[in-house]
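The values are calculated or read from the model by the stated rules, or taken from the named source; none is laboratory data. Just so it is clear, the model here is predicted, and its values are computed rather than measured. Heads up, the Cβs are rebuilt from the backbone with ideal geometry, glycines too, and the neighbour counts pull from every protein chain shown. The protein model used for the area step is the full one, side chains on, heavy atoms only, and it has no ligands, DNA or RNA in it. Shrake-Rupley method; radii C 1.70, N 1.55, O 1.52, S 1.80 Å.
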Amino acid sequence: MSQSYFRIELPVESQSVPDELPHEDRELHRLQRVAMLGTLASGLGHDLRNLVMPVLLRLDVVSASPDLPEKARSDLASIRQSILRLQRLASGLRLLASDPFDQRGEAQLTSLHEWWQDMQPIVIDALPGKTVIEVQIARDLPPVAVPPATLAQILINLVLNSRQAMGQEAAPRLWLHASVARDCVILDIRDNGVGMDAETRARCFEPYFTTRAREYATGLGLSTGRALLARYGGDLTLGVEEAVGTTFTITLPIRGTMAVGDRRERRRVRLLIQDPRQLAMLRLLVRHRGLVELPATEASHADLTICDPEALAAIVKAGQGTTRNGQGSSGDIIAIGTPPDESAEPAVRWVDPRDFSVLDDVLH
Amino acid sequence: MYSTDMDRGPDAGKRAVVASAHVQTPAPFSVMCIDDNVQLIDALERRLHLEPQFTGLHRVDDLSTSVDVAARLRPSVVLLDIDLPGGIDALGLLDEMIRRVPESRVLVFTGYPSGELVRRTMSRGAWGFVSKGISADRLIASICRVVEGQAVIELED
């Protein structure tokens, strides 16, 4: 876990902010530099992708050769693994470069296990080479209702704080542990650094409070992280004081679920849409909202049915209506198209196929 | 006929967002590639030749005539890099391609995927949207699925 994949040394020192500038100008200067780094990361991620895809395609071509020695085949598999890592790194850079305050058009849900695959190379690179990272993020965790890029930026900020706290530590260690509470996932990030003194613990969520040199920190990381999470019904808190290190806890709400007794179940959606393009877009929306898609032909209960006018006619004819509890029922119905008659089926919500954005609210 | 990718197996719909109205037997297909990355086009051509039904890849030397060339050659699939350099209006190119060569299905290809861009390109009539961050296998599968009349959205999440 300790090898370094990609490291960019930026001439931070040479771009230092002149001391004589007023406070506001120094802040502006710093923000401009942060924005520049974001642009750089985004461009680098894009270029990496452009380079990686041709390599992967060529690897396929070479691997398809029937008379390849076994040793060469094994070498090719190793090359492919390295290239896929590089591709993950490019994805991670994209997550970091994205604007966390504007994720409206992006996936709203994060599958933590897959998200960690993208984040891992960047987190490894952000920490000293000897750091041991222990990760417990199970594959079967429910998706959480915070966009991947937002969560990435909150995590990397915490990791950079840990890096500073573990600066003098001979055996630096970082733990990431995710667990499910009733309707949220708890992600703990713990380090074995120097910990925080009483004043820092009391003030760490205050905007502009920092223990680092102003040159390198804005003092906005934790307060911004907390504010970002609050937008999605989540939270960022400081764990109880321990003898060693610091723990931060990210609370991530689970969405696309509903209470069934004392459990939460994901909402089930049936898509009865013939148009392939509409179906592909709806399927993406359903997946990004963490809903479960039922097979079109299965006679089981759906919480929501999204259908085209032809399918709606069939549902109405079969008398399934909008009841929620019957065998093979349709649940709430959303029809894609133009309503033929205002009074025909008042319980049905119609959505214009040219603008699926309204479905964002319905499916959330 | 309402079909879901889930009918093909438990994992089929997990990563690929694939929708199919009429799945036909694979037919011979050609691809036109509009991308400024020559290495990618070369590699894609080599890889596509592993597909038995692939008949050829058309390159575009001059973007201003790409729609004319497509109208003449009628490729099965047009792989369009939506991030073309030099201030080229790729969305305008997409519109013109769909209007003038409706029989060629456009697969949008991008290094900057976003939900908003999926919406904008698919609602204009693209048959698919593919991120450059996916695996080569998924890119090839996406091309083949679009040939078969499926709409494909492949993001790396």
Inset, instruction - Among the residues of segment A:266-299, count how many are open to solvent by less than 30 Å² (accessible area, probe 1.4 Å), in contact (Cβ under 8 Å) with a residue 12 or more places away in the chain and among the small types (G, A, S). - result: 2
Legend entry - helices (runs of 4 or more DSSP H) wholly inside segment A:92-204 that include at least 1 residues being in the same structural domain as A:G245 (by TED's automatic domain parsing) and within 19 Å of the chain's Cα centre (by Cα): A:112-126, A:148-165
Legend entry - Residue list for segment B:116-149, filter: more than 12 Å from the chain's Cα centre (by Cα) and surrounded by 24 or more Cβ atoms within 10 Å (Cβ to Cβ): B:V118, B:G133
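Condition check ((1) out of contact with any Gly (no Cβ under 6 Å at 6 or more places or on another chain); (2) open to solvent by 70 Å² or more (accessible area, probe 1.4 Å); (3) free of Cβ contacts under 8 Å to residues at least 24 places away in the same chain; (4) β-branched (V, I, T)) across all residues:
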site: A:R30; (1), (2), (3), (4): yes, no, no, no
site: A:A35; (1), (2), (3), (4): yes, no, yes, no
site: A:L48; (1), (2), (3), (4): yes, no, no, no
site: A:P54; (1), (2), (3), (4): yes, no, yes, no
site: A:A64; (1), (2), (3), (4): yes, no, yes, no
site: A:P69; (1), (2), (3), (4): yes, yes, yes, no
site: A:S82; (1), (2), (3), (4): yes, yes, yes, no
Legend entry - Residue that is farthest from B:D95 (Cα to Cα) [pool: residues in segment B:25-68 that are open to solvent by 80 Å² or more (accessible area, probe 1.4 Å) and among the charged types (D, E, K, R)]: B:R46
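Against the definition (of a type in the set (D, E, K, R), assigned to a loop (DSSP other than H, G, I, E, B) and within 7 Å of chain A (Cβ to nearest Cβ)), how does B:E156 come out, yes or no?
yes
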Legend entry - In segment B:92-112, the residues that are open to solvent by 10 Å² or more (accessible area, probe 1.4 Å) and under 25 Å from A:L44 (Cβ atoms): B:Y112
Inset, instruction - Exactly one condition in (1) among the acidic types (D, E); (2) more than 12 Å from chain A (Cβ to nearest Cβ); (3) assigned to a helix (DSSP H, G or I) is not met by B:D42; state its number. - result: (2)
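When the residues of segment A:19-28 are narrowed to those that are in a helix (DSSP H, G or I) and without any contact (Cβ under 8 Å) to a residue 60 or more places away in the chain, which ends up least open to solvent (accessible area, probe 1.4 Å)?
A:D25
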